[in-house]
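As structure tokens, the structure follows; a few thoughts come after it.
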Amino acid sequence: MNKYHQKIKQRLLSKSRFIYLWWLYKKSKAIAVNQKSAIVFAPHQDDETLGCGGTIALKCDRKVALDVVFLTDGRASYAEYPQICPDQLVQIRQQEAIQALKTLGVAQSAIHFLGKPDGGLAVLSSAERQETINQLVQLLRDRQPQEVYVPYKQDIHPDHKETYALVQAAVQESQLPIEVLQYPVWTRWVPHQLDFKSPELAHAYRLPINKVLNKKIAALAAYQSQYSSIVPGVEPILPPGFIECFISSYEIFFKTSPVKQKLSCEL
């Protein structure tokens, strides 16, 4: 009976995902890649490729200045399995990120690992939180990006929500004219968590990535520690079918509010 209920639940979730993606596609406005310099902020190693790997590849193909910043060290993804050494996992995930981003066209010198505690962004002390914001402000002022990409602020993972909050605070503190674009990750997997009344959803955009979809797929394949068993007897940390949610001909982004000036056809 439990297995039967589990199958029914999975079918309902799969159907809701399809409806959600269809709704987002219809709701969103088509845009094209642009020449704006950017920084992609990711809570964990793989979020950047899942959420905007195609966008990264398109910008790199155009020789646009682009950096990727990972906030956490990724050590907690297998916290329940003592046979997996956390320090070793940190190294594995960093190398996977470097390989994935190389596939997308990002130079290693443009990849930054801040090493914050995986799963702990939301419980940083006041001093640690401000220190992190200061680091982000320094990166923004050094790189002077025109855009930043962050996880959707309502993504169900606490690290994702806090990454958005930290970056948003840093953007404000930097006093730079930066546009903030949000990419959904866990929201695509658990669509019933989506707040359909959220103002961001009124400003959804879709960027076609057909030309670089194979690059995105190859980059995702670099993250073997997340999608394959790295120790005999231990199941991959991410559920079956998760990665397929992101193998699409377009990527979705949200803006908090519409741009006041005349909106161009580019993101």
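We did not get these values from a lab; they are worked out from the coordinates using the rules stated. Model, not experiment: these values are computed from the prediction. No Cβ is skipped: glycine too gets one built from the backbone with ideal geometry, and neighbour counts run over all protein chains shown.
Semi-axes of the equivalent ellipsoid for region 78-220, computed as √(5λ) from the eigenvalues of its C-alpha gyration tensor and ordered from largest down, come to 23, 22, 20 Å. Legend: ranking of residues H44, H203, H160, H112 from fewest to most surrounding C-beta atoms inside 10 Å; resulting order H112, H203, H44, H160.
Listed by chain and number, the aspartates and glutamates placed with their C-alpha closer than 16 angstrom to that of K26 are E200, E251; residues fewer than eight positions away on the same chain are left out. Among the listed pairs K27/K161; K63/K161; K63/K216; K36/K161; K29/K116; K27/K102, those whose Cα-Cα separation exceeds 28 Å are K63/K161; K29/K116; K27/K102. Backbone amide hydrogens, once placed in the peptide plane, bring N34 within less than 5 Å of L267, excluding anything fewer than 5 places away on its chain. Sorted ascending by nearby beta carbons within 10 Å, beginning with the fewest, F41, F18 become F18, F41.
Looking at the chain, the DSSP beta bridges with both ends there are about 25 percent antiparallel. For K197, a cut-off of 18 angstrom between C-alpha atoms picks up these aspartates and glutamates, skipping any fewer than 8 places away in its own chain: D155.
Find the centroid of the Cα atoms in region 147-169 and in region 211-245, then give the distance between the two in whole Å. So the separation of the two Cα centres works out to 22 Å. The alpha carbon convex hull volume per residue for region 63-129 rounds to 107 Å³. Normalised Debye scattering of the chain at q = 0.12, 0.13 Å⁻¹ gives log10 I(q)/I(0) of -0.72, -0.85, counting only Cα atoms as equal scatterers and leaving out solvent. When each of Y164, Y183, Y81 is scored by the number of other beta-carbon atoms lying within 10 Å, the sequence from fewest to most is Y81, Y164, Y183.
Rounded to the nearest 20 debye, the dipole magnitude of the chain is 1280 debye, with +1 charges on Lys and Arg beta carbons, -1 on Asp and Glu beta carbons, and the Cα centre as origin. Each residue of region 227-242 was assigned a 3J(HN,Hα) from its phi angle through the Karplus curve 6.51 cos²θ - 1.76 cosθ + 1.60 (θ = phi - 60°); the sequence is 10, 10, 6, 9, 9, x, x, 10, 6, x, 5, 8, x, x, x, 4 Hz, with glycine and proline shown as x.
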